[in-house]
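Below: one structure, written as C-alpha cells.
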Amino acid sequence: MPLSLLPATDAKTWDTFLASRQYRPFLQSWTMGEVYRDIGQEPVRLALSDNGRITGICQAIVVPARRGKHLMVPYGPVLERMSDLPAVLAALKDVAMQHRCAFIRISPFLPTVTSVKMGWPPPESSSSPLHLLAEHLWYLPLETPDPWGETTGGILTRRTEQELLAGMRSTARNLIRRAQKEGVTVQASDDPVRDLPEFLRLHEETRKRHKFVPYGDAFFRAQVGHFAPRGEVLLYLARYNGEVIASSIHMRFGGETSYHHGASTFKYKNVPASYLLQWTAIADALRRGDRVYNFWGISPEGVTKHPFAGVRTFKTGFGGTMRELVHCTDIPLTKKYWITWAIETGRKWKRGF
C-alpha cells in the first residue's frame, strides 16, 4: 500500500501514535478535537500512513473568527518524517479552501534548534503577527535523560522529590513550607466536573484583576467534561480557613502533565497557596510515573512586555528548563488574510511586543 493521507476515523489508533512520539501535545489528541467541536469549532483530522502504518497525524480546527475564518493547527502536525510536511500542507490547503478559510495558522511543537534542518518554515508562509500558543515552554523533567532533550534514550532514572526540591529556587521552597505551616491544604478533586464551578469563580476574579482575555466558561466545561471520564484532567483545590483560595486545571496525556489554567483570589494574596498547589501537582505526577511536568508558557528572558511576563518568576522558581518553539506561521490563501494581518499587527504594537 503506497503513502496515503486520509481523514482519520479511529481515536485509539490516533492517540496511540501521538503517545509514541517524543513530544506529545495533548492539543493534538483526539479528545481535544471534541472539546473544540463543543464550542462550535469543527475539528479536521488527517492521518498519514505508509504501507498501512501511521507515520503522521494533523488535527486542524476550523475557526469562524471575526477577524477572518481560518484553519488553526495547534501544536501540529506530528510527523515521523518532516519530509512528509509538503504533502500535509497541500492537504490542509484543500481543507481550508473547502471551508472558505482566508488562511491557515500553524503553531507546530517544533524546537527552534532543529527547525532549519526540518525544513521549517514553509516557503509560502508568512510569520504570524501574534502567537497562537505558548512558544517558550518551561518544563521540569521527571526522569533522566531529559525526555524533551536533544539526546534521549539509554537507561531511564526517575528523579526523587528530594532532588526536585533541591533544584528549586530557595524562595519557592520556603513559600511551599510556609503555606504548609499556615494550614493550607491542597487536594486533587475526585470529581472535576462537580468542582469546576470553584475554579470558574476564581478564574473570573483573576481575569478581572489582571485584565486578560480568557477562555470562556464553555471551553472549560467542554475540556473538563471530555477529559475527566478518561482520567486525563486534574482539578486541584487549595483551601485556607475553609475557603478555596486557589485552583488549577492540569492536563495529562502520554505520560506528561501540563499546568494549563490557574486562578486565585486576591483576598488572601499573602498566603502562598499557589506554591503548595504546584508542588502537590508535581509530586503527584512524579508518583504516577509521568515523564515531564509542563508549566506551559513563560516570557523570554529579559522581555518585560509579554503576555506571560507576570508568571515567569513563579514558574521558573520550581526549577527546570526552557524549550523554545518556532514562531506561529500563517499561510495566506485569499486577500482577506492581509486585513487580519494589519489588525493583528496593530494589536501587537499596542501591546508592546
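Just a few scattered comments:
- Selected residue (criterion: nearest to Leu277 (Cα to Cα)) from residues of segment 209-236 that are part of a strand (DSSP E or B) and in contact with a Phe, Trp or Tyr (Cβ under 8 Å, 6 or more places away or on another chain): Leu235
- Against the conditions (1) within 25 Å of Met32 (Cα to Cα); (2) crowded, with 21+ Cβ neighbours inside 10 Å, Trp279 satisfies every one except (1).
- In segment 157-200, the residue that is farthest from Tyr268 (Cα to Cα) out of those that are out of contact with any strand residue (DSSP E or B) (no Cβ under 7 Å at 6 or more places or on another chain) and β-branched (Val, Ile, Thr) is Thr160.
- Val193 being outside any strand (DSSP E or B), closer than 25 Å to Gln28 by Cα, in contact with a Leu (Cβ under 6 Å, 6 or more places away or on another chain) and of a type outside the set (D, E, K, R): no
For every residue, the table says whether it meets (1) in contact with a helix residue (DSSP H, G or I) (Cβ under 8 Å, 6 or more places away or on another chain); (2) closer than 24 Å to Thr280 by Cα; (3) at pLDDT 95 or above.
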{"residue": "His136", "(1), (2), (3)": "no, yes, yes"}
{"residue": "Glu150", "(1), (2), (3)": "yes, no, no"}
{"residue": "Gly167", "(1), (2), (3)": "no, yes, yes"}
{"residue": "Arg177", "(1), (2), (3)": "no, yes, yes"}
{"residue": "Ser189", "(1), (2), (3)": "yes, yes, yes"}
{"residue": "Pro192", "(1), (2), (3)": "yes, yes, yes"}
{"residue": "Leu237", "(1), (2), (3)": "yes, yes, yes"}
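- When segment 125-152 is filtered for residues that are more than 15 Å from the chain's Cα centre (by Cα), surrounded by 12 or more Cβ atoms within 10 Å (Cβ to Cβ) and in contact (Cβ under 8 Å) with a residue 60 or more places away in the chain, the ones remaining, listed by number, are Ser125, Ser126, Ser128, Pro129, Leu130, Pro141, Leu142, Glu143, Asp146, Pro147.
A quick yes/no check of all residues on (1) touching a Ser or Thr at 6+ places or on another chain (Cβ under 6 Å); (2) of a type in the set (S, T, N, Q); (3) closer than 30 Å to Gly231 by Cβ:
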| position | (1), (2), (3) |
| --- | --- |
| Thr16 | no, yes, yes |
| Met32 | no, no, yes |
| Val44 | no, no, yes |
| Ser49 | yes, yes, yes |
| Ile57 | no, no, yes |
| Pro64 | no, no, no |
| Leu110 | no, no, yes |
| Thr114 | no, yes, no |
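- Residue count for segment 282-305, restricted to those that are in a loop (DSSP other than H, G, I, E, B) and under 22 Å from Val113 (Cα atoms): 7
- Within segment 162-187, the residues that satisfy the criterion of being surrounded by fewer than 15 Cβ atoms within 10 Å (Cβ to Cβ) and in a strand (DSSP E or B) are Thr185, Gln187.
The values are calculated or read from the model by the stated rules, or taken from the named source; none is laboratory data. None of the values given here were measured: they were computed from a predicted structure. Glycine also receives a Cβ, built like all others from the backbone with ideal geometry; neighbour counts cover every protein chain displayed.
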